[in-house]
Amino acid sequence: MNPCIISFFMDNIDFKTINYQRSVVDKFNKKKYPHYVMKTNAPHGISIDYFWALNGIPDALEESVEQKVDHDVVIILDIDAIPLHEDALEHYATVASQGKLIGNAQRSNHIENGQHVFAAPSTAAISKESFKKIGAPSAMETNRSDVLEEYTWGAEVNEVPVDIVLPLRYDKAPQRYEWEGDQPPYWSLADGMPVYGMGTTYGTPEMDMFYHNFQIRMPGQQENFWKKCEEVLNGKSK
């Protein structure tokens with residue numbers, strides 16, 4: 001395998017957040033996968049599309065982009081997401097190399113799409129060949145999809161298995177916008193599945209794999225992320 005990790009950040013992200021994420025990734029990146037941390041002014045989905053063009057698959061972009069890298073597996077890691085175990089990154093890369101799409105479970109609760117659960121861009125991995133097989137879709141939002149959700153739709157119709165990693169626990173209830181009205185103190189997946197919120201740990205009963213801070217733009221959330229990273233770096237985090 002020749003995997004890589006990609007993370008994107010915008011001007012509203014403190015460099016302390018970037019450096020903390022890099023430190024945690026370095027701690028658990030035992031295979032030393034290249035970790036590209038890229039500043040962007042584009043929407044998240046377009047930034048992911050742009051990286052695929054850099055990696056030799058420009059299908060989702062209208063502009064011409066010269067290939068700069070060549071990786072057979074791409075791990076997408078939000079700037080406020082971190083691994084929690086030395087085997088987590090390798091597990092995602094291995095599953096992707098086996099022809100599957102793997103990612104943290106998420107659902108677009110603001111979209112009526114039949115409780116569709118998808119592999120989220122907080123942490124997801126797919127091989128270049130599987131990406132081609134699902135039609136090399138854009139990671140941009142659509143009328144049925146949040147960012148990256150089209151990958152799961154594409155996998156479901158092109159016989160690419162999807163390995164959804166479920167939430168194990170979360171730190172606190174999501175912050176709500178006024179227009180959302182009264183909502184439960186969590187986000188829902190499909191009926192009968194676990195719920196999640198701000199500061200969610202994903203994995204299996206045997207392994208905590210990844211932590212996603214969520215809502216990094218909200219006041220205080222970058223500071224919460226720094227604290228979590230410090231705990232992980234000091235070996236004090238569950």
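The values are calculated or read from the model by the stated rules, or taken from the named source; none is laboratory data. Fair warning: this is a prediction, and the values are worked out from it, not measured in the lab. So basically every Cβ, Gly included, is an ideal-geometry build from the backbone, and we count neighbours across all protein chains shown.
Some points to look at:
- So Lys128, is it farther than 24 Å from Tyr211 by Cα, buried (at least 19 other Cβ atoms within 10 Å of the Cβ) and of a type in the set (Lys, Arg): yes
- Matching residues in region 120-159 - criterion: being acidic (Asp, Glu), touching a residue at least 24 places away in the same chain (Cβ under 8 Å), part of a helix (DSSP H, G or I) and over 16 Å from Tyr92 (Cα atoms): Glu149
- Residue within region 221-237 that is farther than 17 Å from Tyr20 by Cα and at pLDDT below 95 present: no
- Residue within region 108-121 that is surrounded by fewer than 24 Cβ atoms within 10 Å (Cβ to Cβ) and touching a Leu at 6+ places or on another chain (Cβ under 8 Å) present: yes
- Tally of residues being touching a helix residue (DSSP H, G or I) at 6+ places or on another chain (Cβ under 6 Å) and at positive phi across region 40-88: 0
- Hey, Tyr170 crowded, with 20+ Cβ neighbours inside 10 Å and either within 17 Å of the chain's Cα centre (by Cα) or modelled with pLDDT under 95 (or both) or not: yes
- Members of region 99-110 found to be of a type outside the set (D, E, K, R) and part of a loop (DSSP other than H, G, I, E, B), listed by number: Gly99, Ser108, Asn109, His110
- Of all residues in region 73-126, those being hydroxyl-bearing (Ser, Thr, Tyr) and under 22 Å from Pro194 (Cβ atoms) number 4.
- Matching residues, region 202-227, being touching a strand residue (DSSP E or B) at 6+ places or on another chain (Cβ under 8 Å) and surrounded by 20 or more Cβ atoms within 10 Å (Cβ to Cβ): Tyr202, Gly203, Met209, Phe210, Tyr211, His212, Asn213, Phe214
- Residue check for Trp179: out of contact with any Gly (no Cβ under 9 Å at 6 or more places or on another chain), modelled with pLDDT of 95 or more and either surrounded by fewer than 14 Cβ atoms within 10 Å (Cβ to Cβ) or farther than 16 Å from Gln21 by Cα (or both): no
- Exactly one residue out of Ala136, Ala124, Ala120 is at positive phi and modelled with pLDDT of 95 or more: that is Ala136.
- Residue-level check: of (1) over 24 Å from Val95 (Cα atoms); (2) touching a helix residue (DSSP H, G or I) at 6+ places or on another chain (Cβ under 8 Å); (3) not small (Gly, Ala, Ser), Ile18 misses just (2).
- Region 60-85 - residue that is within 14 Å of the chain's Cα centre (by Cα) and of a type in the set (Asp, Glu) and, of those, surrounded by the fewest Cβ atoms within 10 Å (Cβ to Cβ): Asp78
- So Ile57, is it of a type in the set (Val, Ile, Thr), in contact (Cβ under 8 Å) with a residue 12 or more places away in the chain and buried (at least 22 other Cβ atoms within 10 Å of the Cβ): no
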